[in-house]
Amino acid sequence: ELPSELQTAVASPTTWRLLVAGESNVEPPALSLQDLTRFGSWKLLLPRVTSEAVERNTAYVRSRHQSNPQFFEQARAELDKILHNCKMLCIVEGPVGGAEPEEAFQMVLRAQVFAQGFLKNKQFHKALNLLESCMAISDALVGDNTEGGFPSKVLNTYIVQGFLFWRLLVRANLGEAYHQFHRPEEAQSLLRGALDLLTAAEAKAGSTDEAGEVLEPQPVGPRETVLAGACHVYLSRLAIELGDADEGRRLINCAIAEYECSLIGLADTREDVEDAALVLSTALWIRGNCDVRQEKYDEALSWFARTLETIDKYADMSVDCLHMKETVEAEIRRVKTLQFEFLPHSSTAEASTPQAKPSPGQE
């Protein structure tokens, strides 16, 4: 059964099935839209320092591509088919009700996971190709496409309540792909554009149509807030690499605030809680490194302490938590060494040499 926010009154469920018409070479198990947007379905795509799941996905994509040289082409063909049918659907008159977008979005999600594997395997062109197709589909589904799309009524209905999530998710991933492919200007433009989408959606929440009906009764939710945090993490990394440590600090502060507001609450299972903690810990870790770059070692150590506190609070059986903790502890030792070397030698000598007591005649 569809979530209530996706149920409207007019069109047949077969409307959405046109998106994946034809026989598929990539056959995912059926998932509902609620399943697809649960944290466990897309947490793999969030930035973190260490992740066994990401390593397994990297190995899977490499093995799948080696055993089936057409693997990439088949995935791309699926996306091309969906995009073609999205453009055909622009001729549908009136609002599309009772819609079932699960098949399209499921392929979009799987393609992003595949793209992450290609990216980690340094196959940048394949990753970019899949992610750019995913972005074109997510935009076409809400009518934000010059070549077609749904009527504005559908855009107004779904921009906050469902489709905005997909547009933010793919932009965060494509922005990071551009970054790794050494295209920083495109990465920054796309990630900032994603944040602009969020701002626009917040501004439109509660707006009404010509008949006075509320089109977007719900504000931006915790999933979208977490994805905004991911965009801020990627933008912070870019700013730091481009030499703007102050901007990098400001951006990562935004990410931390967004994560702390919404991230842990999205978790449905103990494993999800650990993964959410790792994502938050990564942001805290980056914040500490901002201070290390500016030789603010005391501040850096306080952020690393918060990182360890977060891991200890939520860790259970995850190997990733152990690896993250070891990484942070090693960095703390390194920073303490730098902190000691940074002290003026005279101050160090005074601190290490006991002061002679004055003689009674000198008092």
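Restricting attention to segment 180-194 and to residues that are in contact (Cβ under 8 Å) with a residue 40 or more places away in the chain and under 13 Å from residue 228 (Cα atoms), the residue that is nearest to the chain's Cα centre (by Cα) turns out to be 191. The residues on offer are 270, 250, and the sole one that is closer than 26 Å to residue 165 by Cα, at pLDDT 95 or above, open to solvent by 60 Å² or more (accessible area, probe 1.4 Å) and not aromatic (Phe, Trp, Tyr) is 250. Taken as a whole, the structure places residue 235 among residues that are at pLDDT 95 or above, within 21 Å of residue 249 (Cα to Cα) and either under 15 Å from the mean Cα position of the chain (by Cα) or surrounded by 14 or more Cβ atoms within 10 Å (Cβ to Cβ) (or both). With a requirement of 3 or more residues that are modelled with pLDDT of 90 or more and among the aliphatic types (A, V, I, L, M), the helices (runs of 4 or more DSSP H) lying completely within segment 90-196 that satisfy it span 102-120, 124-140, 163-180.
Within segment 55-73, the set of residues being under 28 Å from residue 228 (Cα atoms), surrounded by fewer than 17 Cβ atoms within 10 Å (Cβ to Cβ) and either of a type in the set (S, T, N, Q) or within 14 Å of the chain's Cα centre (by Cα) (or both) is empty.
Conditions (1) farther than 17 Å from residue 49 by Cβ; (2) more than 19 Å from the chain's Cα centre (by Cα); (3) at pLDDT 95 or above, marked per residue:
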| position | (1), (2), (3) |
| --- | --- |
| 284 | no, no, yes |
| 303 | no, yes, yes |
| 309 | no, yes, yes |
| 317 | yes, yes, no |
| 332 | no, yes, yes |
| 338 | yes, yes, no |
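Can you find a residue that is farther than 24 Å from residue 128 by Cβ, open to solvent by less than 60 Å² (accessible area, probe 1.4 Å), modelled with pLDDT under 50 and in contact with a Pro (Cβ under 8 Å, 6 or more places away or on another chain) anywhere in segment 9-27? Yes: one or more hits.
The values are calculated or read from the model by the stated rules, or taken from the named source; none is laboratory data. Note that this is a predicted model, so its numbers are computed, not measured. Virtual Cβ from ideal backbone geometry, glycine too; neighbours counted across all protein chains shown. In case anyone asks, the SASA skips ligands and DNA or RNA and just uses the protein heavy atoms, side chains included. Shrake-Rupley method; radii C 1.70, N 1.55, O 1.52, S 1.80 Å.
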